[in-house]
1. Hey, could you pull the Cα Rg and Dmax for segment 62-133, both in Å?
2. Between Q76 and S232, how many nm apart are label points set 7 Å from Cα along the C-beta direction?
3. Using the beta-carbon distance between A169 and H41 and R0 = 41 Å, what value does 1/(1 + (r/R0)^6) give for FRET efficiency, to the nearest 0.05?
4. Just grab the label-to-label distance for R220 and E66, each label 7 Å out from Cα along the Cβ direction, in nm (one decimal).
5. Could you give the length gained on full extension between N58 and E145, defined as 0.36 nm per residue of separation minus the Cα-Cα distance, in nm?
Amino acid sequence: MKSLIASAILLASGSVAAHDSSFSTNSCDVDLNAGITINQHELAFSKNDKELYKIVDNKQLVVNGETIKLTPSQQQIVSQYSHDIRAVVPEVKEIALDALDLASEGVTLAFDELLGQGNDVGQELSGHLVAIKDDIDIALDLNKEISIDEHGNFGEDLFGEDFEQRIEAAVESTIKNSMGSLLIAVGQEMLFSGGDADALEARMETFGEQIEQQMEERGRVIEEKGEALCHSVVAIDALEEAMKLEISEIQHIDVLTTNTTKDTHSI
């Protein structure tokens, strides 16, 4: 059960990354070299708690407190860059929520097989996962401020070690609180199988393989969304490279680095 959830968390936490936790798919790696703060009006980049530059209302470029006068071509690149970064946030949210849905589905199938549909154990653990989904939904709401530090952590380490520990704690707490029900269910299964432990084990292994197959099929859809997200970030990388070439005031600032199997972009 924990391995299923860990796989889901890996998919979720890999969506956006930095030096300490690079996002990897079959096609690319993404490193974030600066912190990003996004709210309804500003997109700001920082390093070591110092603002590097910001884009206001998807059009004004502000460096060191000074609004830079842009040519039409420069303005177009800056606006597109700001817009595309904002557009990535819903992609990240969708992958994270899909991963938790995948984990919840696996939990439900497993406990329903052992304890019957609508059992308290599966419902309790699913409830924990729903609460975590709600936290992600709130944390990645573009109507509020979103902060990602230069180590890739969302706010209060939304996808970091604390997040995974929260999942594990929910699993352990639920199983501990429901140990009596689980033992009774196992005992009943043993009686139905005539006390043949091998037959019970074989049945559960077969069911486990069926769950794994279903989860893998769903997981492939999430991986495809991860690939699409990666391509979105590579496109942002290219835009930033063009922006740096066009605007001297930010040409020395490195925010994003992407490495693909075919090409390497570094800004």
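Read the figures in this text as sums done on the coordinates, not as results from a lab. The model shown is predicted, which means the values in this text are computed figures rather than measured ones. Because the Cβ atoms are built from the backbone with ideal geometry, glycine has one as well, and the counts that use them run over all protein chains shown.
1. Considering segment 62-133 through its Cα atoms, Rg and Dmax are 22.5, 67 Å.
2. 2.4 nm
3. Values: r = 38 Å, r/R0 = 0.91.
Between A169 and H41 the formula returns 0.65.
4. For R220 paired with E66, the spin-label model returns 5.6 nm.
5. Values: separation 87, 0.36 × 87 = 31.32 nm, distance 1.53 nm.
Taking N58 through E145 to full extension adds about 29.8 nm, to one decimal.
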